[in-house]
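Student: Before I ask anything, here is the structure I am working with.
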Amino acid sequence: MTFDAETAENAGTADHQDPHANDAAPYSGGDPYADYRTGDFPFTELVDLADRRLGAGVVAANDEFFAERENLLVRERAVFDPEHFGHKGKIMDGWETRRRRGADAENVFPAPEDHDWAIVRLGAPGVIRGIIVDTAHFRGNYPQKVSIQAASVEGSPSPEQLLSDEVKWEELVPPTPVRGHAANGFEITAERRYTHLRLCQHPDGGIARLRVHGEVVPDPEWLELLGTLDLISVLNGGAYEDASDKFYSSPTQIILPGTSRKMDDGWENRRRRVRGTNDWVRFRLAAQGAIRAVEIDTAYLKGNSAGWIALQGRNGGADENAEWFEIIPRTRLQPDTLHRFKLPAQAVVTHVRLDAFPDGGVARMRLHGTLTDEGATALRARFQQLNG
């Protein structure tokens, strides 16, 4: 695990250092994000395993006196209203616990081991590559430190089961200082498949948002039971690899479950001005699969959908020199419309590339088919390795 460099520089751990060194200045009016501190975290290109659209949820917390735990997974960035107060005090857009106290009048501060916690169920279990603990608008009331543990528990465990001694929690981030009103990034190097996280605040405070970026690792037994499935869906292990342009929104959204609900809930690029060029996005299937039908949806993209698309495939795994071949030739698209394509013959691929001509947006893409025997074997091997 490596901590964001700027955070590490500002976040001292020695007892003699100022415990308020990471505070943000009190809000003084105007844009509340004007003094927000962020960083460059390459892992944010990966899918958010804790996205509510994938089925994630905050299943339990020991305290949520000032602000509800569910706010941690809200898709939009946190908002701040300086005049918004309730009967319990300032209403914050995040998860905020009450102030901890010591045992008695002689010990007014909480014990060193005291902390608050929340348990998050990942929407898509997988390998975690990076975590963002966002303390936006928590300027002097953020936790002094955070720690994060992870566990792998199959099925649909209750909070009581997750809190039992039978569950083995592995430490991904030890108690580490964080900054107030900032994006605090943690790179994770554990090569394991996890289903749940436990986010801890030491000793108390508020966190606005939690993002858990990584690679989905589906259960191969479940996929085999399904038979025909969406081979490119994030939930089934599909992953975005690269794109010509991601100016307005992430290409990962093309392979999210469900239907688009608004214009920015898909992939939209900027207007292309260089003739003879086009935009494209490349995806990797969880394993080798045989595609039999394709859906391309331009929902909510009315004046900015792609004019034409073409779909190519490659059956090469890690071999980048494997030849690309045509799956769907250049085809006109209609705005705000679901398009369905029946393939004349199944296409066996490990990767696909969607081309948009000359530019424009696509809301969703589905590749319906089955895993090949080779693909199913490879997926089972990876699953066993990451659950070993």
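Student: Would you calculate the convex hull of the Cα atoms in region 173-247 and tell me its volume per residue in Å³?
Tutor: 163 Å³
Student: Tell me, what is the FRET efficiency for Arg52 and Glu323 to the nearest 0.05, using R0 = 35 angstrom and their Cβ-Cβ distance as r?
Tutor: Rounded to the nearest 0.05, the efficiency is 0.30.
Student: Report the semi-axes of the equivalent ellipsoid for region 70-194 in whole Å, largest first, where each axis is √(5λ) for an eigenvalue λ of the Cα gyration tensor.
Tutor: 27, 20, 16
Student: Also, quick follow-up: Tell me which of Pro42, Ile254, Val167 sits at the most positive position along the dipole axis of the chain, charges placed on C-beta atoms (Lys, Arg +1; Asp, Glu -1).
Tutor: Of the options given, the answer is Ile254.
Student: On to the next question. Using r as the Cβ-Cβ distance of Ala34 and Arg272, and R0 as 35 Å, what FRET efficiency do you calculate, to the nearest 0.05?
Tutor: For R0 = 35 Å, the calculated efficiency reads 0.60.
Student: In sequence order, what are the phi-derived ³J(HN,Hα) couplings for region 343-350 according to the Karplus relation 6.51 cos²θ - 1.76 cosθ + 1.60 with θ = phi - 60°, rounded to whole Hz, with x for glycine and proline?
Tutor: Karplus-based 3J(HN,Hα) across region 343-350 equals 7, x, 8, 5, 10, 8, 9, 10 Hz.
Student: While we're looking at this one, here's another question. Compute the angle between helix 373-386 and the longest alpha-carbon principal axis of the chain, please, reported from 0 to 90 degrees and rounded to the nearest 10.
Tutor: The answer is roughly 10 degrees.
Student: So, one more: To one decimal place, what orientation-averaged projected area in nm² is obtained for the convex hull of the Cα set of region 324-365?
Tutor: 3.7 nm²
Student: May I pose another question? May I ask you to list the residues of region 353-388 whose amide nitrogen lies under 18 Å from a point 7 Å from Cα along the Cα→beta-carbon direction of Lys168?
Tutor: Residues passing the 18 Å test: 383-388.
Student: Within the accessible area of region 262-326, what % is carbon and sulfur when the probe is 1.4 Å and the other protein chains stay in place?
Tutor: For region 262-326, the apolar C and S fraction of the accessible surface comes to 43 percent.
Student: Of all the C-alpha pairs in the chain, what % are more than 30 Å from each other?
Tutor: 46 percent
Student: Starting from the amide H of Gly214, placed 1.01 Å from N in the peptide plane, find each other amide H under 5 Å away whose residue is 5 or more places distant or on another chain.
Tutor: HN-HN under 5 Å from Gly214: Val47, Leu49, Arg129.
Student: Of the cross-linked pairs Lys88/Lys168; Lys90/Lys168; Lys168/Lys262; Lys90/Lys145, which ones have a Cα-Cα span greater than 31 Å in the structure shown?
Tutor: With Cα atoms farther than 31 Å apart: Lys88/Lys168; Lys90/Lys168; Lys168/Lys262.
Student: While we're here: Using θ = phi - 60° and the Karplus form 6.51 cos²θ - 1.76 cosθ + 1.60, what ³J(HN,Hα) does each residue of region 155-167 get, whole Hz, x for Gly and Pro?
Tutor: With coefficients 6.51, -1.76 and 1.60, one gets x, 10, x, 7, x, 5, 5, 5, 8, 6, 5, 6, 8 Hz.
Student: Considering amide H positions built from the backbone, and no H for Pro or chain starts, which residues 5 or more places from Ile327, or on another chain, come under 5 Å of its amide H?
Tutor: Residues meeting the amide H criterion: Leu311, Gln312, Gly313.
Student: Can you work out the accessible area per residue across the chain, with the rest of the protein chains kept in place, probe 1.4 Å, in square angstrom?
Tutor: Per residue, the chain has 49 Å² of solvent-accessible surface.
Student: About the Cα centre, and with charges only on the beta carbon of Lys, Arg (+1) and Asp, Glu (-1), how big is the dipole of the chain? Nearest 20 debye, please.
Tutor: 1620 debye
Student: While we're looking at this one, here's another question. Given all pairs of different Cα atoms, what value in angstroms does the Kirkwood hydrodynamic radius of region 11-151 take?
Tutor: Evaluated over region 11-151, this radius sits at 17.3 Å.
Student: Taking amide H positions as placed 1.01 Å from N in the peptide plane, with prolines and chain starts having none, which residues 5 or more places from Asp242, or on another chain, fall under 5 Å of its amide H?
Tutor: Result for Asp242 returns Arg282.
Student: P(r) for region 113-186: what percent of alpha-carbon pairs falls in each 10 Å bin, starting at zero?
Tutor: Percent of Cα pairs in each bin: 15, 46, 31, 8.
Student: Please give, to one decimal in nm, the separation of the simple spin-label points placed at Ser244 and Ala21, each 7 Å out from Cα toward the Cβ.
Tutor: Using points 7 Å along Cα→Cβ, the separation is 4.9 nm.
Student: Next question. Only four residue types carry charge here, +1 at the Cβ of Lys and Arg and -1 at the Cβ of Asp and Glu. Report the dipole size of region 30-106 about the Cα centre in Debye, rounded to the nearest 20.
Tutor: 240 debye
The values are calculated or read from the model by the stated rules, or taken from the named source; none is laboratory data. Keep in mind the model is a prediction, meaning the values are calculated, not measured. Cβ sites come from the backbone with ideal geometry, for glycine too, and all protein chains shown count toward neighbours. When the accessible area is computed, the model is the full protein with side chains, heavy atoms only, and any ligands, DNA or RNA have been set aside. Shrake-Rupley method; radii C 1.70, N 1.55, O 1.52, S 1.80 Å.
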